[in-house]
Amino acid sequence: MSRRLALTALLAASALAFAAPVRYAEDRAPAIVNPLFATSMSEARLNELVFEGLFADDQDLRSTPKLALAWELAEDRMSMRVRLRQGVLWHDGEPFTADDVLFTINAMRNPTTASTEAGRVAWIRSATKVSELELDLTFVAPEYSPQDKLHFKIVPAHAFKSTAVSRTDAFRTSPIGTGPYRVAKFNDDNSISMDRWGGYWGTSYVDTFVLREVADPNYQAKLLSYDSLESLVRVLPRDLATLRADRRVELYPYQTNSWWYIGFNQRKANLQEPEVRKALSLMVDASSLLAPIGTGELLSGPFVRSSPFYNHDVPVSQADPERAAALLTEAGYQRTASSWVRNGEPLTLQIVTQQNLETAQDVVINLQAQLQRQGVEVKPVFLTPADWKQRVWREGDFDLVLSQWSFDRNEDIYEQFHSKGSRNFVHFKEEAVDTLLDQAREAADPQRKKALMRQVHAHIAQDNPMIFLWTLDSYSAVSTRIQHVVIHPFYYFTWANEWTTN
Amino acid sequence: MLALLALLACSSTPTAAPQPKQELWLQRVAQTPDAFQALMEAPAGGVSSRDGWLALANGEPRAALADFTAAGNHLGELRAKLDIGLLTSDLNRLERRIVARVKERLAERPAGSSAALEQTVAVGKDCAVALATPPAAFAARAASHSAPWSLGAEPFATEQAEDYVRRTWDPCVAYSLAQVTSPDGTAAALELQGLADDDPLGASLFAAWPTAAKAASASSDLLGAAPPTAAADDPQAALDHIRSFDTALQALSTSMDGQPGAGLVRDALLANRLEQAWLLAQARVALNANRPHQALVYANRALNPGAGADAPPPPLDALVLHADAALASGRTREALDSLLQLARRGPPVATGLHELTSDLAVLEGLGRQGDSRED
């Protein structure tokens, strides 16, 4: 049977399956679907359904082979040979081979691609094809469990012209993975339908997942209650009691070690001044900003409080308008009737946040009121996901940014705060922090790593590259019609192929 | 402690009909609220026992014991001692698991990379031996074995390393605690069974079993909710079990409408308390049966998500059982969420357990590549 006929048969088998979609809500749909450029949790969750890595977590959070079949680590721990799974098909029916792994690594490395995932392959010195289903990797330094670093998603070499991949490549709207679900359609209402891939090498039960973009979290909870959704990725704390009382809904903890922040763009001259950043921090009453969202814990640095790296000796910053005024005066600003002025220019700041994030919009409006009362004009700008990637990630065209970071269980903030970090779009640069982060990456003793990271926390809190706000209790809600649900603590859908519909 | 655990861990054959075979304390309160009020106040006309019962309901058994002792309430003391025995048994199981996991992870790393953890494992791999013939650094601590409640807040050894302070945490504090409290807990359980006929409400109030005399059932057949029978550690089976229990509890609550104490049961959220106690009993059973994913389902629910800021904090044993279930199912980082709360509220032993687990979480992450995304 030709490959095309085989593919047709597989697709037909897939179409015959009972159609009972699992519709899940995201605040915003991904702007593009391409693991090389995934920056948001909604992209990461969707990628978990569509793409696979060489390894992934099993339900005990141990690395287990996915696209890999077996591996052998050299005695000196400087290289490994990976044998790939046979019979894996891409969603277009092409076979998966070692070329795809090599392509993915090289595309991530290619500076023209400017992949946000580049840091995830920096530890690999070389990748060499041995056969169609075998490759050798050599390392920059000895590795003790390299399989734990080989979870990044593999993309198909045949779908691209070269390893210099553009964000606007057609792949973004016609993605091809090897995962249990293939993107079937980008719908007019901004939802994305993913059908069960009949050629999947493993098993899966749910026929269709549909990502629905629902910007208003209050509305999300109602949709779930009215059976218009099967899964709510994140429940607002204030909705927890209602959903808990609903016998048709099951709550699952979904703690992604996430925290909200207001970042200062340090490419802007006035925000390079520590006094100005500190003054602005002292103008913000985080408790008041949090109140409309629900309960959460205020933070003093870039970790949640239960993190091994959280420095409990660093106090949470309290609003102190008088000290803020003194610092701005020290920085050369003068208070007029309505604003702070320096060299004839009023202190005016543009704050950007995501357009489709109602809770963030509420915070921005309240923040605007707080700062304006204290003589700082704030101009909110609400960006579409595409504009966000362009203006925040690529061009750095903002003064303040309101957003939130989520971390997996390693809580590695290198990419956010190291001057070479791929996610450091606030352009924070502090030599001491760079040194500490480098040392922490190399630390072999966990107690040393903890101590170094707690110093990082203290330094960052002192330097104020961001106003650290809060972390929220995080739960996911899923209809009881969906069974065998186990949620990965970060990627959410890692084990979605085991979900069933009742 | 083994005797107590055996007493509480065995389960009887599940029944099909979701009806209680024994009258539950919840029903007694609904029928005779005056008896409940009398129990909460002063059984012998002396000092009120209210604080003791509240502490017991909120999962603070040491505070309960102090309050019951001050009130001269012997039955309350027995209840508190039983709960202390269970709590320290849970802590001991958690401590043993942490040490075992650290040992397992250290074996994957180059020898000598973590002196403090290596010392912890050397001592904690067999606490009985370490306490009988303690290594030099552990000798002072071993001498305190018989009075361990105050131990654990400080490391038993500290050393200035190159650019950090190396702290060796005591891996046998919970072991010592369990050794000391076990006889009291076992004796209390037995004496309570003898007192059940005289004071059935006091012997079971807020507990997971229908009556103290039925403590041996470990509540597995409470309300007839059939427990998971498959040997596999299937979380869905635990969810189904909870739903079955919820349905039965709802039916029971409805059946109590119109009884003189129905309002009290409703306003004091006593059905929720019964459910929480039941969930914790199930988590304990699942952990002892090596079904950590099911235990995590029960423990997650027992943490009472969505209870609101005004609700009492989770019982101490809920935090311990959640941490243990999370750790046993590979979720070391999630275990820290509960252990931090426990360290803030609990006995000093919790400080060391939290620090050790945070070392373990970092150790497990040394070979991994962190991931972060905008949310």
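General observations
- Among the protein heavy atoms of region A:35-171, carbon and sulfur supply 49% of the accessible surface, probe 1.4 Å, non-protein parts ignored.
- Filter on A:Lys268/A:Lys429; A:Lys268/A:Lys379; A:Lys278/A:Lys429; A:Lys153/A:Lys450; A:Lys379/A:Lys420 - keep pairs with C-alpha separation over 19 Å: A:Lys153/A:Lys450; A:Lys379/A:Lys420
- Carbon/sulfur fraction of accessible area - region A:359-502, other protein chains in place, 1.4 Å, %: 42 percent
- Only Lys, Arg (+1) and Asp, Glu (-1) charged, at Cβ; region A:144-204 dipole about Cα centre in debye: 180 debye
- For a modelled paramagnetic label at A:Ala432, 7 Å from Cα along Cα-to-Cβ, the residues of region A:266-286 in reach, with backbone nitrogen under 16 Å, are A:274-275, A:278.
- Chain-alone versus full-assembly comparison, region A:419-448, residues with accessible loss of at least 20 Å² (1.4 Å probe): A:Arg423, A:Ala444, A:Asp445, A:Pro446, A:Gln447, A:Arg448
- Crossing angle, helix B:61-71 versus chain B [Cα axis fit, 0-90 degrees, rounded to tens]: 50 degrees
- Solvent-accessible area per residue for the protein assembly as shown (1.4 angstrom probe, square angstrom): 38 Å²
- For the set B:Lys125, A:Lys450, the ranking by accessible area, highest first and with no ligand, DNA or RNA atoms included, is B:Lys125, A:Lys450 under a 1.4 Å probe.
- Intensity falloff of region B:73-180 expressed as log10 I(q)/I(0), Debye formula with alpha-carbon point scatterers, at q = 0.18 Å⁻¹: -0.90
- Pairwise FRET efficiency - B:Ala111 versus A:Asp99, Cβ, R0 = 30 Å, nearest 0.05: 0.15
- Estimated translational diffusion coefficient (Stokes-Einstein, Kirkwood radius over Cα pairs, 25 °C, 0.890 mPa s) of chain B: 113 µm² per second.
- Burial of accessible area (probe 1.4 Å, heavy atoms of protein chains only) in region A:219-267, relative to its chain alone, reaches at least 10 Å² for A:Arg234, A:Leu240, A:Ala241, A:Arg244, A:Arg247, A:Glu250, A:Leu251, A:Tyr252, A:Pro253, A:Gln255, A:Asn257.
- Accessible area, probe 1.4 Å, largest first, for residues A:Arg28, A:Arg267: A:Arg267, A:Arg28
- Note that region B:91-106 has calculated 3J(HN,Hα) couplings of 4, 5, 4, 5, 4, 4, 5, 4, 4, 4, 5, 4, 4, 4, 6, 4 Hz, one per residue in order, obtained from phi through the Karplus relation 6.51 cos²θ - 1.76 cosθ + 1.60 (θ = phi - 60°); glycine and proline are x.
- Near-label residues of region A:209-242 by backbone N, under 13 Å of a point 7 Å along Cα→Cβ of B:Asn272: A:240-242
- Amide H contacts of A:Ala184 (H built 1.01 Å from N, in plane; Pro and chain starts excluded): A:Ser193, A:Met194, A:Asp195 sit under 5 Å, all sequence-distant by 5 or more or on other chains.
- When the solvent-accessible area of chain B is split by element, carbon and sulfur atoms take up 54 percent of it, the probe being 1.4 Å.
- Amide H contacts under 5 Å for A:Gln354, placed H, 5+ residues apart: A:Leu383
- The 1.4 Å probe gives accessible areas that order A:Glu330, B:Glu162, largest first, as B:Glu162, A:Glu330.
- Table column - 3J(HN,Hα) (Hz), region A:291-305, Karplus curve with 6.51, -1.76, 1.60, x for Gly and Pro: 3, x, 7, x, 8, x, 10, 6, 10, 10, x, x, 9, 7, 5
- Site pair A:Arg441 and A:Asp216 shows an inter-label distance of 4.5 nm when each label is modelled 7 Å from Cα along Cα→Cβ.
- The simple spin-label model puts a point 7 Å past each Cα toward its Cβ; for A:Glu134 and A:Trp201 those points are separated by 1.6 nm.
- For region A:380-496: rounded, prolate or oblate by the Cα gyration tensor [a/c cutoff 1.5]: oblate
- With the simple model of a label 7 Å out from the Cα in the direction of the Cβ, B:Thr254 to B:Ala70 spans 4.4 nm.
- Rounded, prolate or oblate (a/c below 1.5 giving rounded, otherwise prolate when a/b exceeds b/c) for region A:35-171 by Cα gyration tensor: rounded
- Dipole of region A:35-171 [Lys/Arg +1, Asp/Glu -1 at C-beta], most positive-end residue of A:Pro95, A:Ser42, A:His151: A:Ser42
- Accessible area (Å², 1.4 Å probe, nearest 10) - A:Phe171: 10 Å²
- Accessible surface buried once A binds B (1.4 Å probe; total of both sides; Å²): 5800 Å²
- Debye, to nearest 20: dipole size of chain A, +1 on Lys, Arg Cβ, -1 on Asp, Glu Cβ: 440 debye
The values are calculated or read from the model by the stated rules, or taken from the named source; none is laboratory data. Note that this is a predicted model, so its numbers are computed, not measured. Please note: Cβ atoms are built from the backbone with ideal geometry, for glycine as well, and neighbour counts cover all protein chains shown. Only protein heavy atoms, including side chains, enter the accessible area calculation; ligands, DNA and RNA are left aside. Shrake-Rupley method; radii C 1.70, N 1.55, O 1.52, S 1.80 Å.
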